[in-house]
Structure formats: structure tokens, C-alpha cells
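Computed from the coordinates by the stated procedures, all read-outs in this text should not be read as laboratory data. Please read these numbers as outputs of a predicted model, since none were measured by experiment. Counting neighbours? That spans all protein chains shown, and the Cβs are built from the backbone with ideal geometry, glycine included.
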Amino acid sequence: MDDKYFSIKHRFAFGTLVAAFFTSTLLIYAPLSLYVSGNDEMWFSFRSLLSPVFVVSLIGMVVMTALLSLPKRGIHKLLCCLVFGVSLGLYIQCGFFNISYGSGVLDGSQIAWKDYTTYGAIDSAMWAACLALPFAVYMVFKRSWRHILMVAAIFIILLQIGGLSIRLYQNQNSLDKLSHEVTNEGIYELSDSDNTLVFMLGAMDKTYYDDYKKEHPEFTEELTGFTEYDNVLGTGSESLVSVPAMLTGDVYKKDTKYTEYISRAWNNYNVFDVLQKNDCDARVYSDDKFFGNAAVRKVENIVDRAQDSQAYWVIGNTMYRYTMYKAVPHYLKQLFWMSLNDYSSFKSNNTYNPDNDEKFFADYDEAEGFSYTKDYPSAVRVYNLKGAEAPYRLTSTGEKDTDGTSLKEQVEGDFHYILKMISDLKENGRYDSATIVITADNGDTEFSQRPVLLYKAKGDKEAYRTNSAPVSLFDLPATLASTVTDQYKDVGTGKTFKDAEGSAWNRRRFFYRSTGANAKSRIEEYKTNSPKIDSDSLKLINSYYLNGGKVDNYILGTELTFTEDETAVMYCQEGFGHTNGWRTIINGTKALMEIPVEDIPENLEDLHAYFQVLNIYEETQCVITANGEEVYSGRLSSEVRQNGLNFLIPTDVIGRDRTIYLTFTFPELEHDTDVMALTSFKIYKQ
């Protein structure tokens, strides 16, 4: 070959293109495409991955270009052919040659590597062919080998760009992961001059408060300026529905995934935009499930984990380990195995826990009550507490009892500390200027439509009173906005609690009940024009079924969830309980799933099934059949909770309708009981 092809200009051109092939394949295409295909397993958003990928790929491109371009003649040629072969092997391995080992969980301790000897030999042969190919091209096409490899590199890079673009477009709705974190920052810090406190107690039904009030008349005597609204209608029947609706005014109707609804609700204009515009320091202490990423710029104590400098290191490090695990030959994968817990474990030690009232109260005591600052003119604090939700472990004085207490003691403990915090405001001269709301995310009787609501506006000094105005907790956003501006008519219902006192008795109010289980999971929309709000007065006007009532064909390899998005629930026909946001419980002696499959490859003997188990409630025998054939038999134990349920489904038992009928039975159980909690499932080909 002419010496001109080994000049620095030609070496740089060829070396740059081969380096681009390597960088594009391993450092850009592989991690981004793996994220798109497995984003359900990631806690961070796609955009959070872009910065680490940009930095690593830029460094990799510069280093590889120098490595391939600076050496002369033979070394240059050898390195370029070798890197081209490695890049080709990486592309084929990532895109076409990987298998799911066992359950597919990225934990090498769960993979029986010795069972994959045949696959390892085939995989090694593929890599040998890829490494040999550029050298063979050089031997056969001595004068044009460089151009052939350059064209091939450009062609594959374009394939990667096109393929990734299509997948990004197809999965655009699932890429904005909820990567935020609700911190304890400023939890007991208030403004020196103007404060709004909202105590949102879980499941605090009005009847529970009425019982408490009868036994503790001194409680209302301390609530100067408060109005008890005894005709309040909640927003929803459970916190997944009610809390976001109370905060944003938007309602979840199962018309989309829950996480997509949450993102939309927080992206939309809401009361927190108004508070921010008026220089109010707004903080909400609740479960992070109730917030979209947009809350990071609207609520002061919510931060984006993926924007933290340490998070970039965690994302980059773990994602590239995941990439290497997928990209390298079979016999090297053991060097890169990892647990996906590495992704979800990155949280600060300052995360708010809404299920731990005793800690909230103990921390308040440790902080020696509220502190007051002049750093901002006004403050809003929303405290979402456990309230009347079981299990009960709060004593009547607000301390923890590990042996458990009772509903009565739990209610007493919460109100004991709320009164203590109110006394704190009084002692520091901030009570009269404070707005205080004591309410609940939902009730706990009938349809859970009747929560408690006590309200004191700033400056109110009258004795405790009761009002039967047709109030709705959808009025909370406007009420909060009214504390900083009189321009609140475009927030929520446009009515504050005070405004509702002037409403006609037949004011239209709405309530959203989350009900049903299995594929019949739905949101029921109720309306009332009645001055009463018992269940008989609520008129059902709409039912919004999960996935619109449709059952989609299952695409092999897709992980579906039994958590808040409920993507797996459409296939459940019997035995699965109501999904409460973080798991679905199998309750009873039998459970059924019907899973129509989009496509089953020909000549495939078995499908692998994996169910992720969150908890085991009954250590009992479990038998699973697929289309009538037993595919699993074993005892539910801590090992099952750790490793999940894994079994094979013979494809020859699946009929022409391509539907998998899974039956879970528990022969030792004599009556219905909670058996185990599931969080996801996946059926895939190896």
C-alpha cells in the first residue's frame, strides 16, 4: 500500500472513524438503548443519563482517536483492525446475541453459569469471527480494505442512530422517570411573619375525630379561631388518588399510567406556581410517589437525585457496569455482574418517611420545636402523616410502641402532638398570624368520602365553631393560594374553604373512588348536589377502567408491574387484591391470570417466567400451572421472597389463541388469606 495511506492525515481520518465506531457502540448506543429497553428498572430519567454518557463518550473518543492515530504503519493497522473487530462484536452482542440468564436479574449469584456452556461456545465463536473479519478483509482487499471498513463503520453507526431514534420515539412517555426525592429540609423551620400549616392525616375519618372530640373536649377549647366543617367531601378514597388531587387539583382516572399522570399534574399550572411567584417558601412532606419531576422547581424540599453531583457518578458507574455486563462475551460477564439494587439504593439519609409519625414527633422534640427565619416572607408547610392508618404503633402521647397499640391511641397520639405544635405557635406569638388546616387525605368508612377538616384563617380569633357548608377538599389549592394573593380564582376550584361557606346547598361536588381488583380495577367518579355526603347521596356518573378496559397483547420480555402503574393487573382475572401503589397481594386459595401473547417464535421449546415477590405472608405450598400443566411446585419462603418465582412454560401447551393461562393454587390453605405480595412479572425467551 502507498505510504500516503499511513501519513498522519490518513491515520487520523481512519483512526477517528474507527474510534467513533467503538465510542458510538459501547459508550453511547449501548447504555442509551439498554436504558430504553429496561427503563422500568431504573430510578433515574433518560435525561439524567445524558450528562454521564456525554462526558464518558467524549473522553473515550479523544483517547481512542489518539491511540489509533498516533502509532505508525503496522501498529496503526493492527490496532484499527482489532478495535473494529471488538466494536463489531460489541454491536452484535448487545443487539442480537444476549440471552436472559435465569430470571434475568442482574445478580451473578443467581446465575448458574455452568448451565450455559453451549451458549458460551457459540458466543465465543461469534466473537472470534468478528475479531478475524477485519484482518480477513485486509488480507483479501489489500488496496481497499481501509475504505471497506470505513464504509461498514459508517453504515453501522447510522443503523444505531436510526434504531435508537425509533425506540426513543416509541418509548417517549416512559423516559421521564420520577427521580426526585422528598427531603426533611426545613421541616420545622417557619417564616418569622406569615405561615400556613397543613396537617394531612392518613385515613382520619370524621367519625374517628368525633369520637376523639367527645373524650377530649379540651382539644377544641385550645383551637381558637378554628372552624370544623362537618359536611366536607374528600377528593378520593385512597392516598394515591386523593393526595395529588388535594395538592394539584388534577385527578387520576386510569386513562394513563399513574407515573405519567403524576408528571402531567405537576407540569400543569397549580397552586405551587402561585406560591412560588409570591416568594412563598412552600414545602410538602409526603410520599415521593405523589410528585412529578416538575415539583423539584416548585417545592423547596424536593430535590432531583439524578442532578446531584454524586448521583452522576452513581448513574454513570452503575450504568456502564450494566452496559459491560450486556456487551462483553459470555465468559467475561461474571466480572461485571451486579444487582439492580445499586440503582435504587442511591438516596440521601434525609428522606422524609410519611409512615413514621413517631419519628416526626421525636425529631420535632429534638429540634426543640419550630424555628423562625426572616429569609422568606411567608411559608407553607404540608405534613402528610400516617394518622389513622394501620398498623397502629403510636401511643396516646405520640411515642412508639413496638408491640402495637390501637386506633384510639394512634388518633390520640397524633392530635396530642398537633396540639403541642399549635401551643408552640402561641408561645412564640405566631398563632394569630398563621393559617392552619387539620384534615385527612381521605376518610375510612363507607366510600372513605368523609375526612376531618378543621380550618383557621390568619387573624381568626372566634371560639371554635362548626359549619355545614358544602366544602370539598378540592378547595384546598385555592385556600393555600389565598394566603399569599387574592388572585386565586384560576387555582383548583377557585373557591377557598371560606368561599364555600357562601355556596348554595346544592353545590356540585365530585369524589373519586378507587375500587375493584384484578382486571376490573377502576376509578369511579361520583357527583353530589346534596347537602349530605353519605354514600347514598353520591351519584355514580363515570367508571374509568384500567387501560380503558382493554387487554393488550403481551410482548415477550416486557416487565410489567403490580405497583402504582398496574401494567400487569389487566391480565389478572381472580385472586389478586386491590393495588395500593407499591404492591398487589394474592389473597385466597387460588389466583388466575390470562396473558395473550403478541408473538411466540417458532421452534421455541420453553418460555421463562419470573415474578418478583415483595413479601410472603403465608409460608405455604404453591403450585402453578400453565394451561393446565404444572410448571412450578414449591414452598413459599424467604428464599422465594429474595429470588422471586422462576419457572419454565412449555410452548407446546399454549393453544392457537397464543394465550397463557396461569393458575396459582395453595393446597394447604383452607380459607382465603393474604398469601404473598407481587411487584412485577416478566415472561421471556432465552
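A simple spin-label model places the labels of Thr117 and Ile148 3.7 nm from each other, with each point 7 Å out along Cα-to-Cβ. Converting phi to 3J(HN,Hα) with the Karplus coefficients 6.51, -1.76 and 1.60 and the offset θ = phi - 60°, the range 123-133 yields 5, 5, 5, 4, 5, 4, 5, 5, 5, 7, 4 Hz in sequence order, with x at every glycine or proline. Note on the range 418-565: Lys pairs 8 or more places apart or on different chains, Cα atoms under 25 Å apart, count 26.
Computed on the chain, with alpha-carbon pairs under 8 angstrom and 6+ residues apart, the relative contact order is 16 percent.
Reported to two decimal places, what Rg/Rh ratio describes the chain when computed on Cα atoms with Rh from the Kirkwood expression? Looking at the chain, the ratio lands at 1.05. In order along the range 424-438, the Karplus-derived 3J(HN,Hα) couplings, from 6.51 cos²θ - 1.76 cosθ + 1.60 at θ = phi - 60°, round to 4, 4, 5, 4, 9, x, 10, 6, 4, 8, 9, 9, 10, 10, 10 Hz, and Gly and Pro are given as x.
Between Lys590 and Lys461, residue separation times 0.36 nm minus the direct Cα-Cα distance comes to 40.5 nm.
Shape annotation for the range 377-460: C-alpha extents along the principal axes are 42, 30, 19 Å, from largest to smallest.
Expressed as a fraction of 2.2 N^0.38 Å, the C-alpha radius of gyration for the range 504-594 is 1.34. Amide H contacts for Thr493 (H built 1.01 Å from N in the peptide plane; partners 5 or more residues away or on another chain; cut-off under 5 Å): Ala478. Spread over its residues, the convex hull of the C-alpha atoms of the range 514-651 is 131 Å³ per residue.
Please work out the C-alpha center-to-center distance from the range 640-686 to the range 534-569 and express it in whole Å. When both Cα centres are located, 20 Å separates them. Can you tell me how the range 461-555 classifies by the Cα gyration tensor, rounded, prolate or oblate, using a/c under 1.5 as the rounded cut? Prolate, since a/c reaches 1.5 and a/b exceeds b/c. Expressed in units of 2.2 N^0.38 Å, where N is the residue count, the Cα radius of gyration of the range 580-619 is 1.64.
Net charge of the neighbourhood of Pro601, taken over other residues with C-beta under 15 Å away and scored Lys/Arg +1, Asp/Glu -1, is -4. Only helices enter this figure: runs of n ≥ 4 DSSP H residues, each worth -39500 (n - 2.57), summed and divided by the residues of the chain, yield -10500 deg cm²/dmol at 222 nm to the nearest 500. Considering only chymotrypsin sites (Phe, Trp or Tyr not before Pro) in DSSP loops that have at most 13 other Cβ atoms within 10 Å, the longest stretch of the chain without any of them is 270-504. The Cα atoms of the range 599-686 give a gyration tensor whose axes a ≥ b ≥ c have a/c of 1.5 or more with a/b greater than b/c, which makes the shape prolate.
What does the C-alpha gyration tensor say about the overall shape of the range 365-509? Classify as rounded when a/c is under 1.5, otherwise prolate if a/b is larger than b/c, or oblate. The shape class here is oblate. Close amide H partners of Met676, meaning residues 5 or more places away or on another chain with modelled amide H under 5 Å apart, are Ile586, Tyr617.
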